[in-house]
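The values are calculated or read from the model by the stated rules, or taken from the named source; none is laboratory data. Please read all numbers here as calculations on a predicted model, not as lab measurements. Neighbour counts run over all protein chains shown; Cβ positions are idealised from the backbone, glycine included.
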Amino acid sequence: MRSIFEPEPIDLACACVVDVEASALGRGSYPIEVGVAWLDGRVMSWLIRPTAEWLERGVWDPAAEALHGISLEQMAAEGRPAAEVAEGGMAALSGQLPHSDAVGADDAWLASLMAVIGHSYPWLEPLDDLLREVTAGNDKERAAEVERAMVKASVRWRRQHRAGDDAARLAETVRILAVRANRL
């Protein structure tokens, strides 16, 4: 029998990983790319054309640009309107259980994105919850198991600090662990 202190099992068929790249870290930053990846291997990502308000009032940090490699010019040329990305993200995540490895930051950036269309976005769950669901043992054993899976996932998804690839690498890590635990 399950204790009232144990969390409900996570439905892995609905679980996904969300990652957001941003114009800077901290106050005044805004989302520039959103990625979503599912445990079945599907990946979606959207480069976001900043709104006029974000460009006027937001912070653009050249150090962040050096990290993710996305320029303002690239976003203007290749990015989709923020409202279109918000609508697409809502549609893609409808009925899903989104997780993030940086809930606080990603929630804030997604809140900025969803505000463009008048919606709120309060529903990311910590990736650690998903990792605990598919691993066993003490904290040290779990950490080692997650690290081994992350190394395997990184072979396929090498590019870092791009939302789609980062989400895919994390989802692949969870998938490797879930298969090992006979959960997928």
Any hit, the range 99-115, residues being at pLDDT below 95, on the phi < 0 side of the Ramachandran plot and part of a loop (DSSP other than H, G, I, E, B): no
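Mind listing whichever residues of the range 116-137 are touching a residue at least 60 places away in the same chain (Cβ under 8 Å) and assigned to a loop (DSSP other than H, G, I, E, B)? Working first, answer last.
So in the range 116-137, the residues touching a residue at least 60 places away in the same chain (Cβ under 8 Å) come out as 116, 124, 127, 129-130, 133-134.
Passing the criteria: VAL116, LEU124, VAL134.
In the range 162-182, what count of residues is obtained for those that are among the basic types (Lys, Arg) and under 30 Å from SER71 (Cβ atoms)?
So the answer is 2.
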Tabulated pairs, the range 36-61, first of a type outside the set (A, V, I, L, M, F, W, C), second part of a strand (DSSP E or B) and buried (at least 18 other Cβ atoms within 10 Å of the Cβ), C-beta under 6 angstrom, 6+ apart or interchain: SER45/GLY35
Filtered residue count, the range 158-184, keeping only those that are in contact with a helix residue (DSSP H, G or I) (Cβ under 9 Å, 6 or more places away or on another chain), surrounded by fewer than 21 Cβ atoms within 10 Å (Cβ to Cβ) and not aliphatic (A, V, I, L, M): 7
Residue in the range 151-159 that is polar (S, T, N, Q), within 18 Å of ASP19 (Cβ to Cβ), modelled with pLDDT under 95 and in a helix (DSSP H, G or I) present: yes
Restricting the range 85-99 to residues that are surrounded by 16 or more Cβ atoms within 10 Å (Cβ to Cβ) and of a type in the set (A, V, I, L, M), the residue that is nearest to VAL174 (Cα to Cα): LEU97
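Which helices (runs of 4 or more DSSP H) does the range 25-91 wholly contain that include 3 or more residues that are in contact with a strand residue (DSSP E or B) (Cβ under 8 Å, 6 or more places away or on another chain)?
Numbers: elements: 52-57, 62-68, 72-78.
Filter on the range 25-91 gives 72-78.
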Number of positions in the range 19-70 that are on the phi < 0 side of the Ramachandran plot and in contact with a His (Cβ under 8 Å, 6 or more places away or on another chain): 5
Output for the range 23-48, where each listed residue is surrounded by fewer than 23 Cβ atoms within 10 Å (Cβ to Cβ), among the aliphatic types (A, V, I, L, M) and within 20 Å of LEU67 (Cβ to Cβ): ALA24, LEU25, LEU47
